[in-house]
1. Would you list, by chain and number, the lysines whose Cα falls below 24 Å from the Cα of B:Lys80, excluding same-chain residues fewer than 8 positions away?
2. Quick one: if you take sqrt(5λ) for each eigenvalue of the C-alpha gyration tensor of the protein assembly as shown, what semi-axes come out, biggest first, whole angstrom?
3. Could you work out the relative contact order of chain A, using alpha carbon pairs under 8 angstrom and six or more residues apart, expressed as a whole percent?
4. Could you work out the percent of alpha carbon pairs in segment A:2-81 separated by over 20 Å, rounded to a whole number?
5. Quick one: work out the % antiparallel among DSSP beta bridges in the protein assembly as shown, nearest 5.
6. Filter the chymotrypsin sites (Phe, Trp or Tyr not before Pro) in segment B:75-145 down to the DSSP loop ones having no more than 15 other Cβ atoms within 10 Å, then list what survives.
7. Where in chain B are the DSSP H helices whose C-alpha atoms run 18 Å or more along the long axis and whose mean Kyte hydropathy is at least -1.0?
8. Comparing the chain by itself with all protein chains present, which residues of segment A:41-83 are at least 40 Å² less accessible (probe 1.4 Å)?
Amino acid sequence: MQYQATVTIEQKAGMLDPEGTTIKRALDHLGYAAESVKTAKLYTIVLEAESAEAAEQKVDEMCQKLIANPIVQNYRIELAELN
Amino acid sequence: MKIAIIQFGGTNCDMDVLHVLKEVVGVDAETIWYKEEDLTGFDGVVVPGGFSYGDYLRAGAIAARTPIMDSVKKLAAEGKPVLGICNGFQVLTEAGLLNGALTTNEYPKFRCHWSYLRVETTDTPFTSKFRKEEVVRMPIAHMEGQFYAEEATLADLDENERVVFRYVDEAGKVTDEVNPNGSLENIAGIVNGSRNVLGLMPHPERASEAVLGSDDGRRLFESMADYITEKF
């Protein structure tokens, strides 16, 4: 089966998010009173796996080994079956 | 003695380090393209600065997972000195050779200027030629230099004198004003538990000759060379 995983990477709570802060400041200048802005990165990964469980496990491994840095980031995986 | 200078796609401080080691310090050094993988016969490694793989994913993340880094880890495990400068520091943290992480500067700007650093320990293969608490001058040039580590890691770094350099003012005082990137406790460089792997954000190779404005960085490479001569 083919699956598409959507991986969202966010800074851990308490970490500074300079990009988010800069965007918030620009929104303030435009007159929007945004409470806060946080940035995140999103990756979509298409892969073959025997089951949804196997696909999720594989993507989780990818996140731990490369895509996220567990010291400063959290990750979230959403999985969808293709076809 | 022979020191390897690792080149990844996007490394750009390799030739500066090669120049300093060969022409200024006077030791044998060679650039090694990351695909070569074999570091047999080398007594030390420098992972130089630059923008390996365009800083894709996170600065240093891709380079840290290339097979040559397994050889660097092996060499480090033998007690041989491994030095990571700027992007090299980011690579070593991403490879798990050093604690913590380097994230986007608190004020998200590429900071490129001279910095004063305080030498926190001379008990490393890289700082034997300095005096403890000496204030030295080296330039920085980075956008992702904010050193972050979890509380327990930070406590371990402090307790075991593993912080090697801190950003200070000219008088040697740690202040927020001279912290260029928001690094915790003004940390500019650390060593691993066995003290033979150093990572620092400032560029000692750009401060190794008086004509460049400072030659403080030269002693870091001289210390490394002395250590290799004594031990290997």
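1. Answer for B:Lys80, where 24 Å is the Cα cut-off: B:Lys2, B:Lys22, B:Lys35, B:Lys129, B:Lys132, B:Lys231, listed by chain and number.
2. Numbers: eigenvalues 244, 129, 54 Å².
Ellipsoid half-lengths, sorted descending, are 35, 25, 16 Å.
3. Values: 118 pairs, mean separation 43.8, N = 83.
Across chain A, relative contact order equals 53 percent.
4. Values: 1426 of 3160 pairs.
Beyond 20 Å sits 45 percent of the P(r) for segment A:2-81.
5. Working: 41 of 57 bridges.
Approximately 70 percent, going by the DSSP bridge assignments.
6. On the way: sites: B:Phe89, B:Phe110, B:Trp114, B:Tyr116, B:Phe126, B:Phe130; in loops: B:Phe110, B:Phe126, B:Phe130.
The qualifying sites are B:Phe110.
7. Numbers: long enough: B:218-231 (20 Å, -0.81).
Going by DSSP H runs, the hits are B:218-231.
8. A:Leu66, A:Asn69, A:Ile71
The values are calculated or read from the model by the stated rules, or taken from the named source; none is laboratory data. Model, not experiment: these values are computed from the prediction. So basically every Cβ, Gly included, is an ideal-geometry build from the backbone, and we count neighbours across all protein chains shown. To get the accessible areas, we keep the full protein, side chains included, count just its heavy atoms, and leave off ligands, DNA and RNA. Shrake-Rupley method; radii C 1.70, N 1.55, O 1.52, S 1.80 Å.
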